[in-house]
Every structure is written in structure tokens, then in C-alpha cells.
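Visitor: The structure follows.
The values are calculated or read from the model by the stated rules, or taken from the named source; none is laboratory data. These numbers come from a predicted model, not from an experiment. All Cβ positions, glycine included, derive from the backbone under ideal geometry; neighbour counts span all protein chains shown.
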Amino acid sequence: MLSSVRAHYVPILVTKRGELGAINDLPPETKDRFTPLFVAHPVDWNYETDAPAKSVVEHVRGLGQKLARVFESRRAYFDPALLVEDAEWEEAQSHPLVTVIDEAADNGLQLVPVVAPGRHPSYNQALTQVHQSRGLGVCVRLSPIHWPANPPAISELEKLLADLSLEPGQVDLVLDAGGDVENEAVRALAFAALSNLPFAQDWRSLVLSGGPFPKDLSAFSRNTVSRIPRLEWDLWRDIENEARIEGWRLPDFGDYGVAHPDPRVMVDPRFLSISAAIRYTASSHWLAAKGELFKGRGGSGSGGDAIVPVAQMICEASEYCGPSYSVGDAWISDVAHGLTSGGNPEKWRRIATNHHLVFVTETLANSGETSVLT
């Protein structure tokens, strides 16, 4: 039968130190309120040799242990698509999907493997191996072109389940709009997919996610606070209202934290200018507070000191939740008042993500409900 519970949160987060540190800084009760979909971050590029800085095998070694260290004995999803999505994997080597999930399990964390249409057969073989050995089910992550909004797309989804010998009750279905949330055609497609959803009551869980945050803040002025609409939240609330009226199954909410869906940086970091900036989540928008250069060409820039006036701008904004709201908020206040050093971009992503995770979980705990099987 179906029961109504508070909507769950599924943030899609890359496995970089800033994001993992943000989770590590959360209290247990906040961690219990969300299920992250971890996306393995890309291998760094060595611009001097014009080659990857390390192999994929080296890159994922120890990653399962790191994930378990921050999320402990809970459940999460894991997607190494940015590493191996289209690549054939040698049978003699353990596939990164298997390596990370096994290592996480050895350290107490249950990782559900993620799949999507069009992945290499060797990937699907590794996923089947994990599913059969761990019995944790599978997460199917669909981009808008694959959303089951019409008969061909529905048939494609049914074929994927059949090829992997999966029943809907073993599947967490994620309709992931990525960065296309602002596209009106994609918004219309979301309504069509949820109104025509096959096996609507049978999926183990259902998530609607998106990530409209800009790729970077280069288009924003310095020494100002800009406000960026949280279009993924607007879409989810519109879907929530329509679902209640029409009797659809309500999806859980997913986003990309304070990041753009594509984490890849195609610029040599040695020549990259970086402005001090803090991203701060509010109810209907993000604040993007941007200051002077942290690092510029030729050794210019003020380092961590550049973030101090940025933190002060956040503290002066009406949306600021106060220093006791989260670890991230406390750090912003301390920097603004000269009580701690200004850190670096990794630290700024950590505190921004920490505030975001607290803000969204508390918002959902006090708002929408979603239908789940019991």
C-alpha cells in the first residue's frame, strides 16, 4: 500500500574533498535525512604531459573507504560514469564500480550502483555482479531524452530492466534534468513523464532532480551579491502541486548542491584566475557573493584575505541564517569577524555545501510529502 511521508532528499554530489568534508561536518540527524548520489569525480589532467595524472584504478583506490568515513553505516548511490561510462573494461581488472562498492561495504557503507541507458556492456556486467552479490538493488538515472514520457521511451526503460533482470521494486528511479531545468520543453517533459509513468506504484523510490547552477561565476560582478533562481526547486514544487491534484506518485527531491552538473574543468589550473566567492542557499534562490581575486596570473591575488569582505556580505544579507544554523554558517560568521582564516576554494565549497545540505533537509522536513511503498 501507499503511505505519505515527508519527501526525501537525494543530492547528487561529486566525490571531491570539499563535498565530502561538507557531509563529514553534518550532525547524524541531518545525515539520516538524505541519501546522496555520489558521482566519482574525474581524473585530473596533467597539462605538462598532456595525459591523465593517474589511471582510473589508482584514482578510485581508497574512495570507498573515504565515502564510508563520511557517511558511515548508511545507504547511498554510486555512479562512476565520468570515469568509465563509454569504456570497455578489461575482465582481468576489477571494474571501478565493483572496487568502490566492495571497499565501501567492507567499511560499513551500502552503495547502490547507478546505471543509465547506453552504458558499455562491460559496465552493465559489473553492475549485475554487484547487484547479485550485494542484493541492494539498482538506481536507474535517466536524462530527459530517456524519460518515460512516450511509448518509445517507456519501451526503452522496460528493455533496460529486462536486460539487467530487474523488477521495478528493485529500482530507485531518478529523473535527472541536469542543467536543463530552465528549458521549458524539459519542464513539460517532466509533467508528461510523471503523468504517464509506467509501474508508477512499484518503483522502490522515485526522484526528480536538476542542477541549474552556473558553470562558474565569471559572468557575475565583483564586490556584489547576485541572486540565482533555484529553478530545480521551482520545478519540483510545481510537480508536487500537480501530483496532489492529479493523484500521481510524488517524487522525492534531488539537486546538485551548489554546483553545476558537469564538474569537469577544461582549463590548466596554473593559468586560472580565481575570485573569492561564497555560494549560499536560500528558499527560492542562491546568493552568489563575489569578491576580489584569490589567485591571479603572475602571482597576483590576496589569498584567503579576499574572502573576508565576501563573508561580510553574506552575513549582512537578509537570507543569512545565523552562525548557529550550520557549521558552514558558523565559519562564514567567524571569517566575517576576523576570528579565523579565509581558507581556499575547496574550503568555500565545503562550507557552501554544508549549509545547503542542512537548508534543504530542513525545508523538506517541514514541507512536502511523497508517496512510498510500505
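Visitor: Have a look at 177, 185 and point out the one that is touching a residue at least 40 places away in the same chain (Cβ under 8 Å) and not polar (S, T, N, Q).
Guide: Result: 177 is the single residue among 177, 185 that is touching a residue at least 40 places away in the same chain (Cβ under 8 Å) and not polar (S, T, N, Q).
Visitor: Let me ask something additional. Among the numbered criteria (1) out of contact with any His (no Cβ under 7 Å at 6 or more places or on another chain); (2) free of Cβ contacts under 8 Å to residues at least 40 places away in the same chain; (3) in a helix (DSSP H, G or I); (4) of a type in the set (Asp, Glu), which single criterion is violated by residue 90?
Guide: Just one mismatch for residue 90, condition (3).
Visitor: Here are 330, 352: which of them is outside any strand (DSSP E or B), within 24 Å of residue 211 (Cα to Cα), small (Gly, Ala, Ser) and modelled with pLDDT of 95 or more?
Guide: Every option except 352 fails the conditions.
Visitor: Another question, then. Residues in the stretch 70-80: is at least one within 22 Å of the chain's Cα centre (by Cα), closer than 23 Å to residue 146 by Cβ, hydroxyl-bearing (Ser, Thr, Tyr) and outside any loop (DSSP other than H, G, I, E, B)?
Guide: Within the stretch 70-80, one or more residues are within 22 Å of the chain's Cα centre (by Cα), closer than 23 Å to residue 146 by Cβ, hydroxyl-bearing (Ser, Thr, Tyr) and outside any loop (DSSP other than H, G, I, E, B).
Visitor: Does residue 68 qualify as being crowded, with 21+ Cβ neighbours inside 10 Å and closer than 24 Å to residue 140 by Cα?
Guide: yes
Visitor: Provide a single number: the residues in the stretch 71-96 that are modelled with pLDDT of 95 or more, surrounded by fewer than 22 Cβ atoms within 10 Å (Cβ to Cβ) and among the aromatic types (Phe, Trp, Tyr).
Guide: Residues meeting the conditions: 0.
Visitor: If you don't mind, there's one more thing I want to ask. Name the residue, out of 182, 167, that is more than 19 Å from the chain's Cα centre (by Cα) and of a type in the set (Asp, Glu).
Guide: Exactly one residue qualifies, and that residue is 167.
Visitor: Filter the stretch 145-155 for residues that are under 19 Å from residue 86 (Cα atoms) and surrounded by 16 or more Cβ atoms within 10 Å (Cβ to Cβ) and give the result.
Guide: 146
Visitor: Now a separate question. Please go through (1) crowded, with 17+ Cβ neighbours inside 10 Å; (2) more than 19 Å from the chain's Cα centre (by Cα); (3) under 22 Å from residue 257 (Cβ atoms); (4) at pLDDT 95 or above for residue 35 and return the number of the only condition it doesn't satisfy.
Guide: Residue 35 satisfies all of (1) crowded, with 17+ Cβ neighbours inside 10 Å; (2) more than 19 Å from the chain's Cα centre (by Cα); (3) under 22 Å from residue 257 (Cβ atoms); (4) at pLDDT 95 or above except (2).
Visitor: If a residue must be modelled with pLDDT under 95 and crowded, with 23+ Cβ neighbours inside 10 Å, how many such residues does the stretch 169-195 contain?
Guide: 1
Visitor: If you go through the stretch 282-326, how many residues are within 24 Å of residue 260 (Cα to Cα) and either in a strand (DSSP E or B) or polar (S, T, N, Q) (or both)?
Guide: Matching residues across the stretch 282-326 total 14.
Visitor: May I ask you to list pairs of residues, at least six apart or on different chains, whose Cβ atoms are under 8 Å apart, with the first in the stretch 227-240 being closer than 13 Å to residue 256 by Cβ and the second being among the polar types (S, T, N, Q) and buried (at least 19 other Cβ atoms within 10 Å of the Cβ)?
Guide: Filtered contacts from the stretch 227-240: 230/281; 232/209.
Visitor: Considering 261, 214, 198, which residue is under 15 Å from residue 285 (Cα atoms) and part of a loop (DSSP other than H, G, I, E, B)?
Guide: Of 261, 214, 198, the one residue that is under 15 Å from residue 285 (Cα atoms) and part of a loop (DSSP other than H, G, I, E, B) is 214.
Visitor: Go through (1) part of a helix (DSSP H, G or I); (2) more than 20 Å from residue 219 (Cβ to Cβ) one by one and return the number of the condition residue 338 breaks.
Guide: Going through (1) part of a helix (DSSP H, G or I); (2) more than 20 Å from residue 219 (Cβ to Cβ) one by one, residue 338 breaks only (1).
Visitor: On the given criteria, is residue 273 over 27 Å from the mean Cα position of the chain (by Cα) and either surrounded by 18 or more Cβ atoms within 10 Å (Cβ to Cβ) or more than 30 Å from residue 200 (Cβ to Cβ) (or both)?
Guide: Criteria not met by residue 273.
Visitor: Follow-up question, since we're still on this one. Tell me which residues, restricted to the stretch 59-78, are farther than 16 Å from residue 34 by Cβ and in contact (Cβ under 8 Å) with a residue 40 or more places away in the chain.
Guide: If the condition is that a residue be farther than 16 Å from residue 34 by Cβ and in contact (Cβ under 8 Å) with a residue 40 or more places away in the chain, then 60, 62, 63, 64, 65, 66, 68, 69 are the ones that fit.
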